[in-house]
Amino acid sequence: MLLKMEKTEVLIIGGGIVGLLTAYMLNKNYNVILISDGNLKKAASWGNAGLIAPSFGAPMPNIFGFSSLIRIILGLNKVIKLRFVFLLKKFYPDMVMLIKFKDKLVNSLNIIREMALESAKLTEKIIIEEKLDVDFKRTGILEVYINKANFEEDIKEIEKYLGKVNVRSASECIEEEPLLKRNIYGGIFYEDDSWLDPAKLMISLRNLLTRKGIKIVNGNVKSFRTLKDKVISAKLNGEEILADNFVVACGAYTPKLLANINLKIPIFAGRGYTVLTNPILKKLRKPVICGEYRIAISQRVQGNFKISGIFELTKPEDKEDKSLYNLLKEKSSLYIDTISELNLEERWMGSRPCTPDGLPLVGYTTYKNLIIASGHCRLGLTLAAITGKIVKELLEDKESKFFNLLSPSRFKL
Ligand SMILES: Cc1cc2nc3c(=O)[nH]c(=O)nc-3n(C[C@H](O)[C@H](O)[C@H](O)COP(=O)(O)OP(=O)(O)OC[C@H]3O[C@@H](n4cnc5c(N)ncnc54)[C@H](O)[C@@H]3O)c2cc1C
């Protein structure tokens, strides 16, 4: 069956936060259809830590120095994992690319920060204007350390690109967050950052888009029909949907889909894990980051701790490593006492879409009407709103300093 949109305009593929907020941004001026896998939990946007972190976040962990790579390969790094078979079979070419683009990562931090600050404002505005029920809180984020050397080393590193940070002594950290253990050495407070429930955000955005008249099709795009340098339609479940423009926002699954039309996309998965404990009455005042392990601890309104972290380099569809759920509990218990006594009620794993230079890929491909909007790695929730805005500007042929910086052409696609 051949379906034609009445006022054919933009077909967005991927219903994670990037696809959803892009649909939201385009809705006023375009006729939008959004296609997404019906299994919402498959999206990285579902179970992430929920931090909107323009100050705290760096897009990628530092895995590039020779010694850090060796530590990762030998399994000595507790929270960055690399499966050996994967290294040999799949990751090797990506790794070469990563090393090639290593120096660009530092430059990326400034660009990301500028994007993230604007994006955080946009996100908050949408949440307020649209009255989204997502448990949004602008409390700031407290990153804490238990080891003096790690604390001092990280402050130096962070201040290189953020400028002066808000350092807190052990007693100030505990005063700010009484659930912390007394072994905390010190912390950094990121006062502009906020957090929300990402699963609630996905659901409320889907409902909002539907109310605004956007058609959401649950399905999996298998490939495209192309004619010369244009995409004509997307093929899924025996249907074909025609459109003028296509936006692929499939996160870590983007390379697999676009390989069908011979685009080699340099996005790899940095898989992360999340656990939810049983609920307790005591309340965290703000999200806490365990500095040594980059594990985020927040708390749902119902009282469950949500613990997220790990960076596992492997294919999105590989089997989960169940031991990593317990690792999250074990390491976060070093910072908050109560966690060791709690049960894990839910476990989730998702794939961060990462690029070798730490910048997202947002721009046209060699197909003149196909835009990629992906590759946000650890900051996709934070950067989704500005990504939607940039996609709109691309479609409207406007000027933006971000076009060149984020363009897929930097990888010679
Ligand atoms: C543990 C963890 C913690 C994180 N914490 C944070 C955080 O605190 N703050 C932050 O900013 N970021 C965080 N991130 C990163 C963030 O979650 C991601 O960068 C972001 O969700 C990526 O969004 P996306 O829309 O690009 O991809 P996704 O959310 O993965 O969505 C892609 C969607 O496309 C669908 N899809 C794939 N292929 C097809 C196809 N062929 N046809 C149709 N649909 C398809 C998928 O099913 C999925 O629904 C975290 C990630 C993890 C894993």
Return Met115, Met202 ranked ascending by Cβ neighbour count within 10 Å, so the fewest neighbours appear first.
Met202, Met115
Over what distance in Å are the Cα centres of segment 138-169 and segment 312-365 separated?
22 Å
Please list the non-local residues whose amide H lies under 5 Å from the amide H of Leu236, H modeled 1.01 Å from N, same-chain partners needing a gap of 5 or more.
Lys222, Ile241
What number, rounded to the nearest 500 deg cm²/dmol, is the helix-based mean residue ellipticity at 222 nm of the chain, given -39500 (n - 2.57) per DSSP H run of at least four residues and division by all its residues?
-9500 deg cm²/dmol
For the pair Lys137 and Leu227, what calculated FRET efficiency results from E = 1/(1 + (r/R0)^6), where r is the Cβ-Cβ distance and R0 = 60 Å, to the nearest 0.05?
0.75
Could you give me the ³J(HN,Hα) list for segment 336-352, computed from phi with Karplus coefficients 6.51, -1.76, 1.60 and θ = phi - 60°, whole Hz, x at Gly and Pro?
10, 4, 3, 4, 4, 8, 9, 9, 8, 8, 9, 10, 8, 9, x, 10, 6
Taking the highest mean first, how do the peptides 343-352, 227-236, 308-317 order by number of other beta carbon atoms within 10 angstrom per residue?
308-317, 343-352, 227-236
Of Ile214, Asn183, Pro198, which is farthest along the charge dipole of segment 183-237 in the positive direction, counting Lys and Arg as +1 and Asp and Glu as -1 at C-beta?
Ile214
Restricting to aspartates and glutamates and to Cα separations under 12 Å from Lys200, and discarding same-chain partners fewer than 8 apart, the set is Asp133, Asp135
Under 5 Å, built H, 5+ apart or other chain: amide partners of Thr365:
Leu370, Ile372
With respect to the cross-link table entries Lys41/Lys319; Lys389/Lys412; Lys131/Lys329; Lys148/Lys322, which display a Cα-Cα separation exceeding 22 Å?
Lys389/Lys412; Lys131/Lys329; Lys148/Lys322
Which order do peptides 377-383, 28-34 fall in by mean Cβ count within 10 Å, highest first?
377-383, 28-34
Only four residue types carry charge here, +1 at the Cβ of Lys and Arg and -1 at the Cβ of Asp and Glu. Report the dipole size of the chain about the Cα centre in Debye, rounded to the nearest 20.
960 debye
Please report, ordered by residue number, every helix of the chain (full DSSP H runs) that is 15 Å or longer along its axis going by C-alpha atoms and whose mean Kyte-Doolittle hydropathy reaches 1.0.
380-395
Protection-proxy order for peptides 239-247, 16-24, 192-200, 204-212, each taking the mean of Cβ atoms within 10 Å per residue, highest first:
16-24, 192-200, 239-247, 204-212
What is the set of long-range amide H partners of Gly16 at a cut-off below 5 Å, with H atoms built 1.01 Å from backbone N?
none
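All of the numbers you see were taken from the coordinates with simple rules; none came from a lab. Computed from a predicted structure; not experimentally measured. Here the Cβ is made from the backbone with ideal geometry for all residues, glycine too, and neighbour counts use every protein chain on show.
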